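A single structure is presented below for examination.
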Amino acid sequence: MDLPTKDYGYDKENLQGTGGCDKPGDYKTILYPFDKYQIKINLSSTNEFLGISEVNINKDFLSYKQKISQGFHDVDKFYKEEDK
Amino acid sequence: MFYETKPEKVLRFGDVIKGYATTDFAINEPVLSLKNESLNYKINIEMPDYCVILTPCCEIGNSMISVSPLTQIKSVFLKNPYFAEDLLRINREMTPEQAYPPENLEKLSPEEKEGKRQYALVDCFVYKENEFFDEYPLRNKDIRDYMINFKYIYKIKCPLIKRPEETLTEGGLIINSKVLQLSVQTRKELRDKLAYYYGRTPKEDAIILG
């Protein structure tokens, strides 16, 4: 079965983030959530910052806050001991 | 059941013990050279009424244990009705609505209020009232519950601290220092929360690790 035409040409280009034409190299790429965007960051094998390869819109249904949930209720600041 | 009704005659993780001093070493800056003329440090030695063993059971021995002193509950915890009803709830996971004081809960967004059950006050573990513990006033209530803080863990060396199989035959003073033993379930709660406290991954590491 032929693939739908929307998977080619303009529509496919439109689904990519900006800067998404990077060439493969000796580095790894991580996806960093930043507000409503997703940023592809290139890191060396020793985790040094090499550059940004792509910026995408975050279409995940989870909010930014939910994605970076710390795994515990950060309530310590509400339970500071009162001054006597 | 919070405490074991028939404690064993060996030291266990989570045991309440007495007779152990703790030391606090405070410095103004790291001691990078002993020739530093401005070397300034302070050592405090304290003798809390009771301490809690935080060395895993299988590691207890070799003349050394790690302990944390039992301290009074912070009065601010009682401003949360969920905690005021039962302070032991601090030891377990809870919903956002249970974790936040009422006046701060109103500021949460609807999606934040629907968050999953997680730990709060991750460095604290509450020990249930017991006849051994002195009563003290806390916001117009008299309570006997106490707590430990995982930030305050000290190493104690004592040649009488031995492996369980050695303690059974040579018990004596060490066993006499044991006051209370946690039940199996409570010991698991302490182990789980302590493991969570140390096992949290920083956000920046989590992004790299994926």
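The values are calculated or read from the model by the stated rules, or taken from the named source; none is laboratory data. Everything numeric here is computed off the predicted structure, so don't read it as measured data. Ideal geometry is used to build each Cβ from the backbone, glycine not excepted, and the neighbour counts take in all protein chains shown. Calculation scope for accessible area: heavy atoms of the full protein, side chains included, ligands and nucleic acids excluded. Shrake-Rupley method; radii C 1.70, N 1.55, O 1.52, S 1.80 Å.
If you take the accessible area of B alone plus A alone and subtract the pair, what total do you get in square angstrom, rounded to 100, with a 1.4 Å probe?
2200 Å²
Continuing with this model, one more query. Give me the percent of the accessible area of chain B that comes from carbon and sulfur atoms, probe 1.4 Å, all protein chains in place.
Whole-percent figure for carbon plus sulfur exposure: 50.
Do you know the relative contact order of segment B:65-210, to the nearest whole percent, from alpha carbon pairs under 8 angstrom that are 6+ apart?
The value is 28 percent.
Taking a probe of 1.4 Å, how large is the accessible area per residue of segment B:110-151, in Å²?
56 Å²
With a ≥ b ≥ c the root eigenvalues of the C-alpha gyration tensor of segment B:1-110, is it rounded (a/c under 1.5), prolate (a/b larger than b/c) or oblate?
In terms of gyration-tensor shape, oblate.
I want to check the label-to-label distance for B:Ala84 and A:Tyr37. Put each point 7 Å from Cα in the C-beta direction and report it in nm to one decimal.
Between B:Ala84 and A:Tyr37, the label points sit 4.7 nm apart.
Hey, another quick one. Given Cα pairs under 8 Å that are at least 6 residues apart, what percent is the relative contact order of segment B:1-127?
Reported as a whole number, the value is 19 percent.
For segment B:88-161, calculate the relative contact order in percent as a whole number, restricting contacts to Cα pairs under 8 Å that are 6 or more residues apart.
Working: 78 pairs, mean separation 21.5, N = 74.
Relative contact order of segment B:88-161: 29 percent.
Return the FRET efficiency for the residue pair A:Asn47, B:Tyr198: r is the Cβ-Cβ distance, R0 is 30 Å, and the value is rounded to the nearest 0.05.
0.85
Could you tell me the calculated FRET efficiency between B:Arg117 and B:Tyr152, based on Cβ-Cβ distance and R0 = 25 angstrom, to the nearest 0.05? Write down the numbers at each step before the final one.
On the way: r = 27 Å, r/R0 = 1.07.
In this case the efficiency is close to 0.40.
Order B:Glu114, B:Glu166, B:Glu97, A:Glu54 by their accessible area, 1.4 angstrom probe, all chains in place, largest first.
Numbers: B:Glu114 150, B:Glu166 80, B:Glu97 110, A:Glu54 25 Å².
Largest accessible area first, the residues go B:Glu114, B:Glu97, B:Glu166, A:Glu54.
Give the calculated FRET efficiency between A:Asp26 and A:Asn56 to the nearest 0.05, with a Förster radius of 25 Å applied to their Cβ-Cβ distance. Let's see the in-between values first.
Numbers: r = 23 Å, r/R0 = 0.93.
Efficiency at R0 = 25 Å is approximately 0.60.
Rounded if a/c is under 1.5, else prolate if a/b beats b/c, else oblate: with a ≥ b ≥ c from the C-alpha gyration tensor eigenvalues square-rooted, which is segment B:47-196?
Prolate, because a/c is 1.5 or more and a/b exceeds b/c.
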